[in-house]
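The values are calculated or read from the model by the stated rules, or taken from the named source; none is laboratory data. Remember, predicted model here, so these are calculated numbers, not experimental data. Counting neighbours? That spans all protein chains shown, and the Cβs are built from the backbone with ideal geometry, glycine included.
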Amino acid sequence: MNTWKKTGSMLLVLFALKAYGQLSPIIPADKKDRLNMYVKKSGPYIGIQRGKYTVLELGVERQWKRIQLSSARTQGIHLGFNYNFWRNVLGYDIGYWSKPSRLGLTYGLNLVMRTDFDHTKVGFVPVLGYQFSILHLQTGYHFLAPSNKGFNMETNSYFVSLRVVLINNRKTEVKKGNKKLFQDRKN
C-alpha cells in the first residue's frame, strides 16, 4: 500500500508540473519581457564587379542586425565609387539591402551615377545577392536614364559583384524591453 501512495504522489506532482508548464510559456508573450540583441557593424569594402567590363569597387558599409532565437534580420547601407580603368568610366553608388533570415538571400536597391567625364547618366539598380561572413556576392541590372543623341556609355548593364567588407567598428547591445542589460563597444 505504501508504494501506491508514493506512486500516486509522484503522478500528482508530475501532473501539476505539466499543467503549470502549459500555463507559463518559456518565451514570454509580452514583448517587453523578451531579450533582444542588436549588433551594429561598419567598415570599408573592396570589391570587383564583372559584366561586359571589369570594374574595381571601393566604399564603406554599415550593417544592423537584430538577433533572435528564431531569426536574424540584417540590413545594410553602403556608399562607394567604382572605376573602369580601361574605359575611363567613373561611377558612384549609394544603396540599401536587407537579409530577412539567417540563410536567405539579400534584396536591395542602389542609386547610381556614371560618367566618362564628357557625359553623365543616372539610374537605379535592383540587386539580388548572398552574404556570408565578410563576403557579399550580388547580381543586378543597371537601369540608366536614356541620354540625348543616342549616346551609349561603356558601362555594365548586367553584372556580378563580389565585395569583401572589412569590419573595423562593432557595437553590441542586449536589451530587455527599453532597459539595456549589456553594451559592448569595440572600436
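Listed values, structure above:
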| read-out | value |
| --- | --- |
| Residue that is modelled with pLDDT of 95 or more and closer than 16 Å to residue 167 by Cβ, where the choices are 46, 94, 67 | 46 |
| Residue selected from segment 113-142 under the condition among the hydrophobic types (A, V, I, L, M, F, W, C) and in contact with a Ser or Thr (Cβ under 9 Å, 6 or more places away or on another chain), by the criterion nearest to residue 162 (Cα to Cα) | 137 |
| Residue 4 loosely packed, with under 10 Cβ neighbours inside 10 Å and at pLDDT 70 or above | yes |
| Extreme residue, modelled with the lowest pLDDT, among residues of segment 21-43 that are assigned to a strand (DSSP E or B) and not hydrophobic (A, V, I, L, M, F, W, C) | 36 |
| Flag for residue 91 being within 30 Å of residue 118 (Cα to Cα), free of Cβ contacts under 8 Å to residues at least 60 places away in the same chain and surrounded by 19 or more Cβ atoms within 10 Å (Cβ to Cβ) | no |
| Residue in segment 131-183 that is modelled with the highest pLDDT, counting only those that are assigned to a loop (DSSP other than H, G, I, E, B) and out of contact with any strand residue (DSSP E or B) (no Cβ under 7 Å at 6 or more places or on another chain) | 133 |
| Given (1) free of Cβ contacts under 8 Å to residues at least 60 places away in the same chain; (2) part of a strand (DSSP E or B); (3) farther than 18 Å from residue 135 by Cβ, index of the condition residue 59 fails | (3) |
| Check on residue 80, touching an Asp or Glu at 6+ places or on another chain (Cβ under 7 Å), under 20 Å from residue 160 (Cα atoms) and in a strand (DSSP E or B) | yes |
| One residue from 96, 107, 130 being among the aromatic types (Phe, Trp, Tyr), touching a Gly at 6+ places or on another chain (Cβ under 7 Å) and within 30 Å of residue 36 (Cα to Cα) | 96 |
| Close pairs from segment 167-179: first of a type in the set (A, V, I, L, M, F, W, C), partner in a strand (DSSP E or B) and exposed (fewer than 14 other Cβ atoms within 10 Å of the Cβ), Cβ under 8 Å, at least 6 apart | 174/180; 174/181; 174/182; 174/183 |
| Candidates 79, 17 - the one that is at pLDDT 95 or above, of a type in the set (A, V, I, L, M, F, W, C) and loosely packed, with under 14 Cβ neighbours inside 10 Å | 79 |
